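Below is one structure, written out as structure tokens; comments come after it.
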Amino acid sequence: MAQSVAAAAGLRGSVMLPADKSIAHRAAMFAAISTGCSTIGNFPESADPQSTLSCLRQLGVQISTAPGGKIEIEGVGKGGFQCPAMPLDCGNSGTTMRLLSGLMVGMPFATTLIGDASLSRRPMRRIGHPLRAMGANLELTDGCPPIRITPVPHLRGITYTLPVPSAQVKSCVLLAGLWAKENTVVIEPVPSRDHTERMLSLPIVHRRDGRHISSSRRVSPAGHTYSLPADFSAAAFFLVAASIVGGSTIVLPGVGLNPTRTGLLDALRTMGADIDIAERRTSGGEPVGQLTVRSAPLRSIQVAGSQIPGLIDEVPILAVAAACAEGRTLIRGAEELRVKECDRIHATVHNLRLMGAEVEEFDDGMAITGGRPLRAAVMDSFHDHRIAMAMAIAGLVASGTSTIRGSDIASVSFPGFWDALAALR
Ligand code: S3P
């Protein structure tokens, strides 16, 4: 499928965003290993969290859907998963595969985890290495999926320092720690999103070498009513859209504002964006607020190092903002983007250049000199939801009508994206 995006004269309205994808995966998995029934309000219809639900169903977990997106999960407890008849298909979802692997290494049966073409190219040694150190039996395919896990009599607790800041790897090891004989400690030198430790109330100690997060077989979640905030990573596209399209005001209610996720908010404000936060509250242990963004002239910024994990999923849309900002924006230390749903550095640079932007590509990032008028182009999503949506926002400020090929991939995280964008015109 392809979507046309014409230049916009001003965007106005409020956007109902999908619920937070990262929290949704975790809520479903933690509900599944709980004792008792859990309810998750507003569970996203997007493909990635639905992949987690279908894997859990294959493991024998009863999940019923109620109107309004609410789901009920009948927890099977930590020992209750059943041997799946088929490989667990994680679709496009790295979070499903990496977190579920942490749970599957503790099972008394063999499991195979598979994914689509994009997920089948993503690096899994980053979980294979610590899981094997715990004694797990795990076979990768040239370092990638499929992942074949076979049972072992017991797992050892380990102390593991994350070599790359990754919430998926951190969570995978902490979840494997739920089955290990000894305590497991993950040391995180650079903070990454902390939903797993918040939701499981894992003990955290702050030391000079980073955050020490512990898990153990004593952690045993109970049935819970989860409420999910709107996804900041989905809000990101509208924060930039309203900032760069003159005469815009967009309201985004109930957005998750966990500080490990909102690096883009800080970056945009430093660039001069006009973003208000109102109705701040805490919901389900996560800070939440209503964002109102109005167009404003932007100036360049430099982001690097420890700032990157807090906006890792938002770099493509930050690059779009940078193309519309005065001066040279420098993004470094973002080499992890090369191994996301696509090579996001290449995809972003390629598409922005098609639009006439001045962009330099580095192994670990890019430099964008803003201010050149963007022209409409035919762009590819590279089968990556965030590239499709970021380039659609760039199309709003280009002269003429752009085309985003492979636009339906947006449904991986935001099935209503194209309608939501159209409704703001
Ligand atoms: C996620 C962690 C990040 C992020 C991904 C979701 C999570 O991945 O990019 O979209 O929910 O834990 P990495 O752990 O690979 O950085």
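The values are calculated or read from the model by the stated rules, or taken from the named source; none is laboratory data. Everything numeric in this text was worked out from a predicted model, so none of it was measured. A quick note on method: Cβ atoms are made from the backbone with ideal geometry, for glycine too, and the neighbour counts reach across all protein chains shown. SASA here: full protein model, heavy atoms, side chains in, ligands and nucleic acids out. Shrake-Rupley method; radii C 1.70, N 1.55, O 1.52, S 1.80 Å.
Quotient of the Cα radius of gyration of the stretch 250-323 and 2.2 N^0.38 Å, N being its number of residues: 1.12. Charges were assigned to the Cβ only: +1 to each Lys and Arg, -1 to each Asp and Glu. The resulting dipole of the stretch 1-114 about its Cα centre is roughly 160 debye. For the chain, the alpha-carbon coordinates run over 62, 45, 42 Å along the three principal axes, in decreasing order. Dipole check for the chain: with +1 at the C-beta of Lys and Arg, -1 at the C-beta of Asp and Glu, and the Cα centre as origin, the magnitude is about 720 Debye. Once all protein chains are placed together, Cys83 keeps about 80 Å² accessible to a 1.4 angstrom probe.
Heavy-atom accessible area, probed at 1.4 angstrom with all protein chains present, ranks His350, His129 as His129, His350, highest first. Comparing Leu200, Leu175, Leu53 in a Gaussian network model of the chain (Cα springs below 10 Å), the most mobile by mean-square fluctuation is Leu200.
Comparing Pro415, Pro67, Pro316 in a Gaussian network model of the chain (Cα springs below 10 Å), the most mobile by mean-square fluctuation is Pro67. Its Kirkwood hydrodynamic radius, worked out from the mean inverse distance over all distinct Cα pairs, puts the stretch 322-371 at 10.8 Å. Both radii are taken from the alpha-carbon atoms of the stretch 194-287; with Rh as the Kirkwood radius, Rg/Rh is 1.07. Accessible surface of Lys340, taken over heavy atoms with a 1.4 Å probe and every protein chain present, rounds to 40 Å². Residue-wise HN-Hα couplings along the stretch 132-140, as the Karplus relation 6.51 cos²θ - 1.76 cosθ + 1.60 with θ = phi - 60° gives them from phi, are 5, 4, 7, x, 6, 9, 9, 10, 9 Hz; Gly and Pro carry x. Between the stretch 120-189 and the stretch 235-288, the alpha-carbon centres lie 34 Å apart. Which shape class applies to the stretch 272-425: rounded if a/c is under 1.5, otherwise prolate when a/b exceeds b/c and oblate if not, where a ≥ b ≥ c are the square roots of the Cα gyration tensor eigenvalues? Rounded shape, in that the Cα axes give a/c under 1.5. Proximity of backbone amide H atoms, modeled 1.01 Å from N, is registered between Asp380 and Arg405 at under 5 Å, excluding neighbours fewer than 5 places apart on the same chain. The relative contact order of the stretch 151-310, computed from alpha carbon pairs under 8 Å that lie at least 6 residues apart in sequence, is 20 percent. Computed with a 1.4 Å probe over protein heavy atoms only, the accessible area of Ile275 comes to about 10 Å². Relative to the 2.2 N^0.38 Å rule of thumb, the stretch 283-359 has a C-alpha radius of gyration ratio of 1.24.
Between the Cα long axis of helix 344-354 and the first principal axis of the chain there is an angle of about 20°, rounded to the nearest 10. What separates the Cα centres of the stretch 38-90 and the stretch 346-408 is a distance of 36 Å.
With N counted as the residues of the stretch 13-53, its alpha-carbon radius of gyration over 2.2 N^0.38 Å works out to 1.27.
Straight-line cross-link partners of Lys21 among the lysines, defined as a Cα under 27 Å from its Cα and at least 8 positions apart when in the same chain: Lys70, Lys78, Lys170, Lys340. With distances taken between every two different alpha-carbon atoms, the stretch 1-129 has a Kirkwood hydrodynamic radius of 16.1 Å.
Distances between every pair of Cα atoms in the stretch 77-183, grouped in 5 Å steps from 0 to the bin holding the largest one, split as 2, 14, 26, 27, 20, 9, 2, 0 percent. The helix-only estimate of mean residue ellipticity at 222 nm for the chain, built from DSSP H runs of length n ≥ 4 each weighted as -39500 (n - 2.57), is -8000 deg cm²/dmol after division by the residue total.
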